[in-house]
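The values are calculated or read from the model by the stated rules, or taken from the named source; none is laboratory data. Keep in mind that this is a model prediction, so the values were computed, not measured. Virtual Cβ from ideal backbone geometry, glycine too; neighbours counted across all protein chains shown. The accessibility values were calculated without ligands, DNA or RNA, using every heavy atom of the protein model including side chains. Shrake-Rupley method; radii C 1.70, N 1.55, O 1.52, S 1.80 Å.
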Amino acid sequence: MAERKNRKIEEAARAMLEEKHMPKLYWAEVVRTTVYLQNQASSNAGMSPHELYFGKKPNFAHLGVFSSIAYVHLLKEKRRKLDAKVEKCILVG
């Protein structure tokens, strides 16, 4: 049973990496995201693992589009006067 679950996670992570043409160095983050999403999704029993554990339906409002462009704010102490205030990143989880 555990081997099947691990294979399902691995295949989903591989598909996400290939679909977005992302390098393999993001493998760990993509696996983490895959496990998180699978824990939030409903299972064959009709309830998600999140719902079984916490007793309420998960909230999906915080989710973003995988591998979309994201910007992170750079602290004032980490930049100089004319440096950019944000750094361009890729959203993976």
*Compute the acute angle (0 to 90°) between the alpha-carbon long axis of helix 27-40 and the principal axis of greatest extent of the alpha-carbon atoms of the chain; round to the nearest 10°.*
50 degrees
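Taking only protein heavy atoms and a 1.4 Å probe, what accessible area per residue, in Å², does the chain have with all protein chains in place?
On the way: 7890 Å² over 93 residues.
Dividing the accessible area of the chain by its residue count gives 85 Å².
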*Using Cα pairs under 8 angstrom and six or more residues apart, how large is the relative contact order of the chain, in percent?*
21 percent
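Is the C-alpha gyration tensor of the stretch 15-76 telling us rounded, prolate or oblate? Criteria: a/c under 1.5 is rounded; beyond that, a/b larger than b/c is prolate, otherwise oblate. Working shown, then result.
Values: a/c = 2.75, a/b = 1.55, b/c = 1.77.
In terms of gyration-tensor shape, oblate.
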*Roughly how many percent of the accessible protein surface of the chain is carbon and sulfur, given a 1.4 Å probe and a whole-percent answer?*
57 percent
*Between the helical axis of 2-19 and the dominant principal axis of the chain, each derived from Cα atoms, what acute angle in degrees is found, rounded to the nearest 10?*
40 degrees
_Rolling a 1.4 angstrom probe over the protein chains, ignoring ligands and nucleic acids, what is the accessible area of residue 90 in square angstrom, nearest 10?_
80 Å²
*lysines within cross-link reach of residue 57: Cα-Cα under 25 Å, excluding same-chain residues under 8 positions apart?*
5, 8
*Sequence-distant residues sharing a close amide H with residue 90 (under 5 Å, placed H)*: 70
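How much mean residue ellipticity at 222 nm does the chain get from its helices, if each DSSP H run of length 4 or more adds -39500 (n - 2.57) and you divide by all residues, to the nearest 500 deg cm²/dmol? Before the final figure, lay out each step's value.
Working: 3 runs with 38 residues, N = 93.
For the chain, the value works out to -13000 deg cm²/dmol.
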*Just order 51-61, 25-35 by mean Cβ neighbour count inside 10 Å, highest at the front, would you?*
25-35, 51-61
*Dipole magnitude (debye, nearest 20) for the stretch 1-54, charges at Cβ of Lys, Arg, Asp, Glu*: 100 debye
